[in-house]
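Before any comments, here is the structure.
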Amino acid sequence: MNKKNSNPGLVVVGSIGLDTIETPWACKEGILGGSASFACAAASFFARPGMIGVVGRDFPPNYIQLFEQFGIDLEGLQKDADGDTFKWSGVYETNMNNRRTRLTELGVFADFSPKMPEAYRECPFVFLANIAPELQSNVLSQIKKTGFVVADTMDLWINTARPALLELLPGIDLLMINDSEIKVLTEESNIAVAARKILETGVKHVIVKKGADGSMLFTQSSIFALPAIPVLDVVDPTGAGDAFAGGFTGYLSKQNDCSEPVLRKAMAYGTAVASFAVESFSLEKLQEIDMDMIEERVAQLKAMTDF
Ligand code: AMP
């Protein structure tokens, strides 16, 4: 874990929540989740992430300590003592690629007004993790845009806040989205056609996450694909996409480069971190790993794709 006490190398806004997860084999209640939690923990192996978000009066203090252990900068994390923390509950089928959202309670995120710490404003790498697109735009408007902005989203926002999401797109450099969601967003059933539609809006890069089937990067002139690392014992896939995106953006920040060869390598590092995230509930496995273990999985991925 990166425990350096320096300005953040990347800024992450997203949800910080208490999740209740049911898999075919176990059920966990009120565990640490949220897109920003997974993304910041994953990014922390490469750079110091600054977390922007809000927690409520019921947020356990030991989860704050855990963020600190990951070396996450918490100056942008607000506590709202008048409300409850964001809550999400999901149920997985035996085929863990299929999940159903049982509950989403925005809690303190419903009235959240992000306040950008001064030290974050000129940070070149920004990850707008999955949260209401209005909040993603709000954070973007407070940043002096000098570098690379990545944004993620999910079906809830595509269905309930589509105009705000479409407004966000021209301000970002890379849209990170999963395969079923890009189909809903673009109303296209073919991923390549859907990605082209997004590129036509002016977004220069699109990464389509395909869960256990890997990910694809689309630009105006190229397509790159990576498989996922086969994980034999998937405990809980929650947060895999956020861990992928956090590892990806953290790697870009560490390299201070967003050329296409670096984007491709960043996908490999994101894939490696995500493969650990699914081996436990919440951030448990990410607490146990180190950079050598991540490098081993990247080497495994390289061997798998070398022909
Ligand atoms: P993933 O499995 O990568 O889609 O991420 C799941 C995580 O995202 C969980 O920890 C949830 O707390 C969080 N989450 C679920 N729904 C939303 C939402 N509508 N907005 C923001 N975060 C969410």
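The values are calculated or read from the model by the stated rules, or taken from the named source; none is laboratory data. Predicted, not measured: the structure shown is a model, and the values here were computed from it. Don't worry about glycine lacking a Cβ; one is built from the backbone with ideal geometry, like all the others, and counts go over all protein chains shown. To get the accessible areas, we keep the full protein, side chains included, count just its heavy atoms, and leave off ligands, DNA and RNA. Shrake-Rupley method; radii C 1.70, N 1.55, O 1.52, S 1.80 Å.
Quick notes on this structure:
- Count - residues of region 164-185 that are over 18 Å from SER215 (Cα atoms) and either acidic (Asp, Glu) or crowded, with 20+ Cβ neighbours inside 10 Å (or both): 4
- Being within 16 Å of the ligand (Cβ to nearest atom) and among the charged types (D, E, K, R) holds for only one residue in ASP152, ASP173, and it is ASP152.
- For region 107-126, the candidate set comprises residues that are in a loop (DSSP other than H, G, I, E, B) and open to solvent by less than 60 Å² (accessible area, probe 1.4 Å); within that set, the residue that is nearest to ARG48 (Cα to Cα) is CYS123.
- Test result for LEU74, buried (at least 20 other Cβ atoms within 10 Å of the Cβ) and either away from the ligand (no atom under 16 Å from the Cβ) or acidic (Asp, Glu) (or both): no
- From the options LYS210, LYS144, residue that is open to solvent by 10 Å² or more (accessible area, probe 1.4 Å) and in contact with a Lys or Arg (Cβ under 6 Å, 6 or more places away or on another chain): LYS144
- Which numbered condition THR249 misses (of (1) open to solvent by less than 20 Å² (accessible area, probe 1.4 Å); (2) of a type in the set (Ser, Thr, Tyr); (3) farther than 28 Å from LEU32 by Cβ): (3)
- Selected residue (criterion: farthest from ASP233 (Cα to Cα)) from residues of region 269-291 that are polar (S, T, N, Q) and in a loop (DSSP other than H, G, I, E, B): SER282
- Count of region 116-149 residues which are more than 16 Å from the ligand (Cβ to nearest atom) and of a type outside the set (Phe, Trp, Tyr): 18
- Sole residue being in a helix (DSSP H, G or I), of a type in the set (Val, Ile, Thr) and surrounded by fewer than 24 Cβ atoms within 10 Å (Cβ to Cβ), chosen from ILE229, ILE294: ILE294
- Lone unmet requirement of (1) within 9 Å of the ligand (Cβ to nearest atom); (2) not in a strand (DSSP E or B) for LEU18: (2)
- Among the numbered conditions (1) open to solvent by 70 Å² or more (accessible area, probe 1.4 Å); (2) modelled with pLDDT under 95, the only one that MET96 does not meet is (1).
- For region 39-58, the criterion of being surrounded by fewer than 22 Cβ atoms within 10 Å (Cβ to Cβ), out of contact with any Leu (no Cβ under 8 Å at 6 or more places or on another chain) and assigned to a loop (DSSP other than H, G, I, E, B) is met by at least one residue.
- Within region 77-100, being under 23 Å from SER180 (Cβ atoms), touching a residue at least 40 places away in the same chain (Cβ under 8 Å) and more than 14 Å from the ligand (Cβ to nearest atom) holds for GLU93, THR94.
- Meets criteria (free of Cβ contacts under 8 Å to residues at least 40 places away in the same chain, among the acidic types (Asp, Glu), open to solvent by 10 Å² or more (accessible area, probe 1.4 Å) and within 15 Å of the ligand (Cβ to nearest atom)) for GLU284: yes
- Meets criteria (in contact with a strand residue (DSSP E or B) (Cβ under 6 Å, 6 or more places away or on another chain) and either polar (S, T, N, Q) or outside any loop (DSSP other than H, G, I, E, B) (or both)) for SER89: yes
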